[in-house]
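Note sheet for the following structure.
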Amino acid sequence: MNLTRRQWIKAGAQLSAASMLPWSLWADQPQVPHINIQARETTASWLAAPTPIWAYNQPKLTLQQGVMQTVRVTNLLPEPTTIHWHGVRVDNAMDGVSGLTQAPIEPGTSFDYHIMSPDAGTFWFHSHHNTIEQLARGLYGALVVTGNNEPRFERDWPLLMDDWSLSRNGRIDPAFANPHNQSHAGRMGNFLTINHQAGPWRSEANAGERVRLRLINAATNRILQLHAAFPGALWLAKDGQPLAIPEPVPEVIILGPGERWDIGWIARDAGQLLEVSGDEPLLVAQVDLNPSDGTEVPAFPDAMALPANPMPHLPAGVNQRVPVPLEGGTMGRLQSAQYQGEPHTFRELARNGQFWAISGQTGMTETPLFRARQGESVELLLDNRTAFPHTVHWHGHHAWENGRWHDSLTLLRGQQKAVRLIAGNPGKWLIHCHMIDHQATGMMTWFEVV
Ligand code: C2O
Ligand code: CU
């Protein structure tokens, strides 16, 4: 089923007419897939004292590739919210960016998202309103889109990793926006969770089973450096898009906020996932092996390769080249930038709580970073001129870099990467740093597809 928006609206109109029929007739109407999500306050039991958090009643959603799905989001929080479907090539009106693609969902009200993912793979969903606070309070979940021809995995585990800033009493540190953090690498947490549970995450596999690990970094600012000690594991996909040929998993996976890696592994031994950025490795996940029951062990790791998604064809030529210098921050050399349509010195920007710029602009602008016609091939020259790493995320699209598709890409200090994006669905799409402290203090702009 591949409904265009217009057809979808028609189907919706027919359904509401149907809902006025007597219920005996209504009972014969085809069922519309319908998911209810509530954004609400709840508590986590990680420590001796409970931790009040904000979370969705469904921490994981499963959608089917190519199937239109209604997701009704009800806001039970004390403030407005939205949901963004990170990496999913949705209609622009469903992208969930408050102030750009929709008005926020007010407390006590609902909003229906009509989501159809053309791609199977690993995505996630999260608040895109007051993100600096709402993401850090826990408003995110895993989004798995299943395809029809995917190879079979006996175990399929999303591992949604987050670091929380907890104080001694187990409460979330309420200093979400701290200028010192924001002008540096961002607020870092001190408590690791996996799928909203205290780490390490543990599970078991039978010998010979095929395991799919979906690594998702949901942290507000922290880049995870992961060592996947799963002997013989293969890297299957980045940001939901399958690699043409699975590759050996590198020694350290640099997983910036918002990025995803899918890993395939045949369990012949126990396996561990470690975070190795600190002095001591931190155990994130542990898979123990059940003793063999004598079943046949599949011998061909290549059988784990995921089928390609319907990605646009990459033409040889480029219609536009867009320089995207990332500037600012402490120890940066940013002298001045445009802010709210006026030039400001770095000092003035800092006084306004702004520290970062994209292409000489701080924060949202009247005119987009670039405008492209549907189907145009645009090369973005991402250029990190700051003293800190950044994970750049662009909405509604994947872009080609170094032989793979990405919707988010980490650039270490001084790094440059050219990515190629084929303009997709029309609309206004954000491009921003996914370190939310940077996004909230200037490193965010938008582009338009017409
Ligand atoms: Cu994951 Cu603009 O967001
Ligand atoms: Cu950044």
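Would you mention how many residues in the stretch 63-99 are open to solvent by 40 Å² or more (accessible area, probe 1.4 Å) and either touching a strand residue (DSSP E or B) at 6+ places or on another chain (Cβ under 6 Å) or on the phi > 0 side of the Ramachandran plot (or both)?
Total meeting the criteria: 5.
Residues of the stretch 148-192 being closer than 14 Å to Ala218 by Cα and basic (Lys, Arg), which ones?
The answer is Arg187, and nothing else.
Out of (1) within 16 Å of ligand 1 (Cβ to nearest atom); (2) in contact with a Leu (Cβ under 8 Å, 6 or more places away or on another chain); (3) part of a strand (DSSP E or B), what's the single condition that is false for Glu448?
Answer for Glu448: the failing condition is (2).
When the residues of the stretch 222-253 are narrowed to those that are among the hydrophobic types (A, V, I, L, M, F, W, C) and closer than 19 Å to Glu280 by Cβ, which ends up most open to solvent (accessible area, probe 1.4 Å)?
That would be Val252.
Determine, yes or no, whether Asp269 is surrounded by fewer than 23 Cβ atoms within 10 Å (Cβ to Cβ), more than 27 Å from Ala136 (Cβ to Cβ) and among the charged types (D, E, K, R).
yes
Looking at the stretch 55-111 only, could you name the residues that are more than 19 Å from Ala142 (Cβ to Cβ), among the β-branched types (Val, Ile, Thr) and touching a Ser or Thr at 6+ places or on another chain (Cβ under 8 Å)?
Once the filter is applied, which keeps residues that are more than 19 Å from Ala142 (Cβ to Cβ), among the β-branched types (Val, Ile, Thr) and touching a Ser or Thr at 6+ places or on another chain (Cβ under 8 Å), the stretch 55-111 yields Thr74, Val97, Ile105, Thr109.
Here is a list: Ala219, Ala308. Which entry is in contact with a strand residue (DSSP E or B) (Cβ under 7 Å, 6 or more places away or on another chain), crowded, with 23+ Cβ neighbours inside 10 Å and assigned to a loop (DSSP other than H, G, I, E, B)?
Ala219
So in the stretch 75-105, with the set limited to residues that are among the β-branched types (Val, Ile, Thr) and more than 15 Å from Phe125 (Cα to Cα), which one is farthest from ligand 1 (Cβ to nearest atom)?
Per the stated criteria, the residue is Ile105.
Do you know which residues across the stretch 118-145 are away from ligand 2 (no atom under 16 Å from the Cβ), under 18 Å from Thr51 (Cα atoms), touching a residue at least 60 places away in the same chain (Cβ under 8 Å) and more than 11 Å from the chain's Cα centre (by Cα)?
Scanning the stretch 118-145 gives Gln134, Arg137, Gly138, Leu139.
What is the number of the single condition among (1) under 25 Å from Gly186 (Cβ atoms); (2) surrounded by fewer than 17 Cβ atoms within 10 Å (Cβ to Cβ) that Ser359 does not meet?
Every listed condition holds for Ser359 apart from (2).
When you go through (1) open to solvent by 80 Å² or more (accessible area, probe 1.4 Å); (2) modelled with pLDDT of 95 or more; (3) assigned to a loop (DSSP other than H, G, I, E, B) one by one for Pro30, which number turns out not to apply?
Failing condition for Pro30: (2).
The values are calculated or read from the model by the stated rules, or taken from the named source; none is laboratory data. From a predicted model like this one, the values you see are computed outputs, not experimental measurements. Neighbour counts run over all protein chains shown; Cβ positions are idealised from the backbone, glycine included. Each accessible area value is taken on the protein alone, full model and side chains, heavy atoms only, with ligands, DNA and RNA left out. Shrake-Rupley method; radii C 1.70, N 1.55, O 1.52, S 1.80 Å.
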